[in-house]
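**Student:** Quick one: structure below, then a few questions.
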Amino acid sequence: MKRITVLLAEDHMLVRQGLRLLIEADGDIEIVGEAKTGREAIQMNSDLRPDVIVMDIAMPLLNGLQATRQILKAFPATKILILSAHSDPEYVEQVVKAGALGYLIKQSSGEVVAKALRELHNGKTFFTHTIAKRLKADYQKSEDGVGLQKRSNTELTAREAELLQLIAEGHVNKQIASELGISIKTVEKHRQHLMDKLNIHDIAGLTRFAIASGIIESSVQSTIGGEALSQKERR
């Protein structure tokens, strides 16, 4: 019987090791690669073409949500299972909109993760009971005209979201330019456009917006300098 091949995208080594042990305990599933960032996940998916990707949301450089969008844009048939510590409605809604077929919280057992992988491999969706119940309730609310979780009035492009994450994580313009493969001058131009679009003109404000919109986790904020750090000092 052909094994189900899986790519793990998770920035914490201990979590990856634990997942590998849990998942490969079933002989029909094989981990073929491990990615530590969203960018690595994109490249490794292109190289390895796994049957399913297990994707964490909170990863450095490019989060799992943006990586999911980019992977599915290039490879629409890719099956992605989101594994996150969060079950907040806004996270779940964004995952569904991005095109992932499943969503599990990290407290899930190895048996549940393996079952989810098999379901996705067979072309089905898989959400934990609590999340599935919430999705159904949100859908019913929208049908009744109440509406889903309130969305931001400002929609960011994929590139704008990438830039916002890198800025909020404390990367300076030179680092952002290297990461995105563009010039420092172009980064400055994009940064100013982003600030104008959001009507936010300081790093602290951009960071708060990134956290509120789920682009980064609030814990990332602790790695960033205080609000007194000016934009000039950031550069």
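**Student:** Any chance the range 93-110 includes a residue that's in a helix (DSSP H, G or I), farther than 13 Å from A41 by Cβ, open to solvent by less than 30 Å² (accessible area, probe 1.4 Å) and in contact with a strand residue (DSSP E or B) (Cβ under 6 Å, 6 or more places away or on another chain)?
**Tutor:** Yes, some residue in the range 93-110 is in a helix (DSSP H, G or I), farther than 13 Å from A41 by Cβ, open to solvent by less than 30 Å² (accessible area, probe 1.4 Å) and in contact with a strand residue (DSSP E or B) (Cβ under 6 Å, 6 or more places away or on another chain).
**Student:** Which condition from (1) assigned to a strand (DSSP E or B); (2) touching an Asp or Glu at 6+ places or on another chain (Cβ under 6 Å); (3) open to solvent by 10 Å² or more (accessible area, probe 1.4 Å) is the one that A58 breaks?
**Tutor:** With respect to (1) assigned to a strand (DSSP E or B); (2) touching an Asp or Glu at 6+ places or on another chain (Cβ under 6 Å); (3) open to solvent by 10 Å² or more (accessible area, probe 1.4 Å), A58 is out only on (1).
**Student:** Looking at the range 13-29, can you tell me whether even one residue there is modelled with pLDDT under 95 and assigned to a strand (DSSP E or B)?
**Tutor:** To start, the set of residues in the range 13-29 that are modelled with pLDDT under 95 comprises 13-29.
This time we only want the ones that are assigned to a strand (DSSP E or B), so: 29.
Yes, the range 13-29 contains at least one residue that is modelled with pLDDT under 95 and assigned to a strand (DSSP E or B).
**Student:** Still on this structure: Which ones in the range 61-74 are on the phi < 0 side of the Ramachandran plot and either of a type in the set (S, T, Y) or open to solvent by less than 50 Å² (accessible area, probe 1.4 Å) (or both)?
**Tutor:** Going residue by residue through the range 61-74, those that are on the phi < 0 side of the Ramachandran plot are 62-74.
Across the range 61-74, the qualifying residues are L62, N63, G64, L65, Q66, A67, T68, I71, L72.
**Student:** Could you please give the count of residues in the range 1-12 that are touching a residue at least 60 places away in the same chain (Cβ under 8 Å) and part of a strand (DSSP E or B)?
**Tutor:** Total satisfying the criteria: 2.
**Student:** So, in the range 156-177, how many residues would count as being open to solvent by 10 Å² or more (accessible area, probe 1.4 Å), within 24 Å of L72 (Cα to Cα) and either modelled with pLDDT under 80 or of a type in the set (G, A, S) (or both)?
**Tutor:** 1
The values are calculated or read from the model by the stated rules, or taken from the named source; none is laboratory data. Being a predicted model, the structure only gives us computed values, none of them experimental. In this analysis, Cβ positions are derived from the backbone assuming ideal geometry, glycine residues included, and neighbour counts consider all displayed protein chains. These area figures cover heavy atoms from the full protein model, side chains too; ligands, DNA and RNA do not enter into them. Shrake-Rupley method; radii C 1.70, N 1.55, O 1.52, S 1.80 Å.
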